[in-house]
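This report refers to the structure that appears directly beneath it.
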Amino acid sequence: MARQLSLRSPYGEEPIILQWPDSCENSEQFSDLYIVETIKWVCDDMPELKRPIKKSLLREYDTGNFESMKTLCERFNREIERLQKVRKYVSTTSNAKRRPSRGLLQHILRLTYECSVIDPKKLNQYKPFSHEVYGETSFEVISTLTEKIDITEDDVFLDLGSGIGQVVLQISASTACRRSLGIERSEIPCAYAENMDRNFRQWMKWFGKDHGEYHLIRGDFLEPQFRDYILTANIIFVNNYAFDPVMDYKLKEMLADMREGSRIVSSRSLCPENFRITERSLNDIGCIITMSEMCCFSGSVSWTNKPVPYYLHVINRTKLELYFQGLKDSKNQDSRKNDTGSHYLTHNISLKLDKKSGHERKDKVSEYNFIAKSDCKSLKHSCVLQTQLLNSGFQHQAHVENNLRKCRNKVRRQNTKRPLKLRLYSPVGAEPLVYLWPYDTPTSCEELDFVSEITETIEFVCEHFLDDTSTTKSRISDVDTCSYESMKMLCVTFNEEVAEYVKRKQSSTVKNKMNDNNSNALLVHVLGQVYNRSVSDAKKLNHYKPFSSEVYGETSHEVIFEIMNKIKLTNDDIFLDLGSGVGQVVLQVAACTPCKISIGIERAKVASSYAKSMDINFKKLMNWYGKKYGDYSLIEGDFFDKSFRKVILDASVIFVNNYAFDAVTDYKLREIFADIKEGTQIISPRSLCSLNFRINQRNLDDIGSIMNVTQISNTSNSLSWTSNPVPFYLHVIDRTMLTRFLEKWIPSKVRRKRSSV
């Protein structure tokens with residue numbers, strides 16, 4: 001027959017029946033927690049009981065002996081019964097129902113846990129390194145957080161992924177919040193949460209303590225049916241420390257709809273602390289929250305002893321409103337500056353004409369024609385203004401139509417004239433480079449963006465091909481780059497020297513010079529020429545969804561040279577650029593390394609169309625300079641498609657600019673890399689795992705268990721969208737680490753099973 005112990009409630013509630021454990025070792029822990037500590041907390045809570053119980057009852061007892069503990073419980077019960085009769089402590093006493101102290105609440109939660117969670121090991125039966133990892137936040141951390149966020153009676157608290165419900169119970173008993181809710185989807189924690197609910201209410205009644213309204217709900221908080229819970233809550237606690245990228249991404253999408261002023265407490269920040277709103281980050285949750293670090297505790301979560309910080313996020317959409325207001329104000333200022341006198345005249349004349357005679361209108365028409373022609377930057381603009389004037393209700397239409405016809409004829413005659421050209425001969429006898437000079441005299445040299453390319457090309461050829469007797473390079477400083485005739489004379493002089501050079505058949509010397517230490521600078525110049533000729537409108541590359549995986553950015557040539565020098569590609573390597581953009585990295589690698597082939601895959605249509613032009617111009621200019629390059633291929637498509645799986649598996653060096661990838665793309669990328677062959681090298685500006693990654697039972701499925709990671713570069717201006725230093729990381733696939741771990745872990749696991757049997 002099972003042995004039982006009974007403890008009467010000091011407030012007249014139902015007594016607690018305790019089952020005495022079978023083993024002697026467990027009996028001592030049982031007695032300390034359930035009997036001795038409980039009696040001590042009753043004494044602290046009721047000063048009238050402190051003196052008689054502590055001085056007489058708690059002097060001599062044996063926690064490992066059932067009879068001794070039974071005697072202690074009986075004496076305690078008699079003392080409670082006597083004091084209740086004397087002091088009339090009954091459950092209806094108004095002073096009895098009050099919130100527990102911090103220490104008493106911790107003891108009650110500990111009792112609740114021990115009564116409810118029969119086998120704590122079952123809570124750790126989850127998929128390693130997934131968002132299902134179970135971990136409990138310590139009582140001290142929650143107490144500190146509640147003190148800092150100041151929970152009032154108007155607040156609704158919600159714990160997303162509440163586990164067995166400890167945080168929800170603690171909040172309901174220690175704060176004045178109107179309602180405390182917890183949502184958990186895992187079966188085992190939900191089953192234990194039901195026990196926690198029942199036992200918590202029983203122990204709180206036994207101690208005569210009150211708590212607020214709370215509910216522990218079973219379900220997935222990402223499902224639509226729980227959306228109202230999230231929108232009505234104004235304080236959300238989420239332990240997202242071990243959430244995977246997909247779960248983290250969905251969490252941010254859901255929290256973005258919360259009402260203004262709501263507070264979110266999490267163990268991993270939802271945005272960087274120095275987050276700034278830009279055109280590229282408008283869809284990030286950082287635009288609508290203010291984030292600050294609250295505290296950092298060692299042992300704050302059950303699965304690690306390392307310090308884990310907690311962050312407070314406050315929904316504040318005024319940041320976004322101020323940003324758009326600033327854009328609107330700056331746009332209005334720009335529009336005021338760009339307003340010309342001709343636009344003012346068009347508006348002013350159209351308002352006054354209906355009140356004037358036809359003779360006055362004719363004078364205004366002639367006056368307008370003169371001012372409009374002198375104010376417009378081109379005849380084409382003048383034609384547009386004449387058309388606006390004709391449509392505004394003027395009489396004497398014949399006069400206006402005549403001027404309009406003259407304007408159109410002049411524009412047509414200009415278009416029929418032959419364009420002016422500048423040619424540069426190739427130092428190796430290839431087809432010359434042709435530049436079109438605008439027929440109209442440019443208002444500024446900024447319109448002649450190709451002039452600097454011409455002068456730089458001449459300097460490079462003089463330095464790498466022509467001998468020291470060349471005089472062209474010294475004349476560049478004296479040339480008027482805004483004058484066609486001056487530039488033409490420079491090109492003619494250069495072409496004469498190049499023609500003489502080719503005639504002497506010294507092309508062999510050219511190739512030797514091009515392979516010296518200055519070849520990197522020449523390659524950068526070539527790639528710059530290719531880009532300027534191919535990308536007609538660079539702004540189109542920035543037409544993407546802000547802060548998404550479609551963000552376009554170019555990696556600097558210097559960083560690629562630095563990386564290639566460190567990894568040392570051979571003629572057996574296959575280089576692959578995932579998300580290659582216009583193809584600059586692929587072309588650079590093909591030209592500066594002996595790799596077998598360089599491949600780039602890009603899915604954006606604008607970037608892919610420019611990549612085709614880059615391909616044509618790269619081959620043309622490399623032939624013009626007589627420079628060799630390896631095999632390469634620029635492919636349009638999504639590298640997540642199954643059709644590219646073989647290409648990824650065959651690659652030995654993979655470059656991926658994942659700096660701005662969202663959580664979903666980053667998660668898919670890691671799944672792809674998990675299957676690539678041994679020894680494959682992956683270069684990325686954002687590490688795929690931590691530098692100090694260590695394999696354990698919980699992270700066997702993480703990609704860090706099969707790769708070694710080192711930082712190989714940290715250069716300023718390495719990426720086009722930021723001037724901050726961005727590190728690049730080299731990941732080498734090495735499955736021997738995982739093999740060694742499994743060889744040690746599996747036999748030990750088998751030995752433990754055998755010993756338990």
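Side notes on the structure shown:
- The residues 464, 211, sorted by heavy-atom accessible surface at 1.4 Å with ligands and nucleic acids left out, run 211, 464 from largest to smallest.
- A 1.4 Å probe run over the protein chains yields, for segment 647-687, 33 Å² of accessible area per residue, whole-number rounding.
- Flagged links, alpha-carbon separation over 20 Å, of 596/627; 488/620; 40/70; 612/646; 250/668: 488/620; 612/646
- Each of residue 250 and residue 612 was given a label point 7 Å from its Cα along the Cα-to-Cβ line. The distance between the two points is 4.0 nm.
- Added length on full extension, which subtracts the Cα-Cα distance from 0.36 nm per residue, residue 734 to residue 521: 73.1 nm
- A 1.4 Å probe run over segment 184-242, with the rest of the protein chains in place, finds 45 Å² accessible per residue.
- Compared with the direct C-alpha span, the chain from residue 213 to residue 474 gains 85.3 nm at full extension, assuming 0.36 nm per residue.
- Cβ-Cβ distance of residue 558 and residue 636, R₀ of 25 Å, FRET efficiency by 1/(1 + (r/R0)^6): the value works out to about 0.35.
- Note on residue 228: accessible area approximately 110 square angstrom, rounded to 10, probe 1.4 Å, nucleic acids and ligands left out.
- Model label sites at residue 44 and residue 4, defined 7 Å from Cα along the beta-carbon direction, differ in position by 3.0 nm.
- Distance between the modelled labels on residue 153 and residue 227, one decimal in nanometres: 3.3 nm (7 Å Cα→Cβ projection).
- Using a Förster distance of 22 Å, the FRET efficiency for residue 75-residue 143 (Cβ separation, nearest 0.05): 0.05
- Distance-filtered residues of segment 659-683 - backbone nitrogen under 19 Å, label point 7 angstrom along residue 742 Cα→Cβ: 671-680
- FRET efficiency for the pair residue 667 and residue 319, taken as 1/(1 + (r/R0)^6) with r the Cβ-Cβ distance and R0 = 25 Å, rounds to 0.35.
The values are calculated or read from the model by the stated rules, or taken from the named source; none is laboratory data. The model shown is predicted, which means the values in this text are computed figures rather than measured ones. Cβ: placed from backbone, ideal geometry, glycine included. Neighbour counts: every protein chain shown. Areas reflect the complete protein model, heavy atoms only, side chains present, ligands, DNA and RNA absent. Shrake-Rupley method; radii C 1.70, N 1.55, O 1.52, S 1.80 Å.
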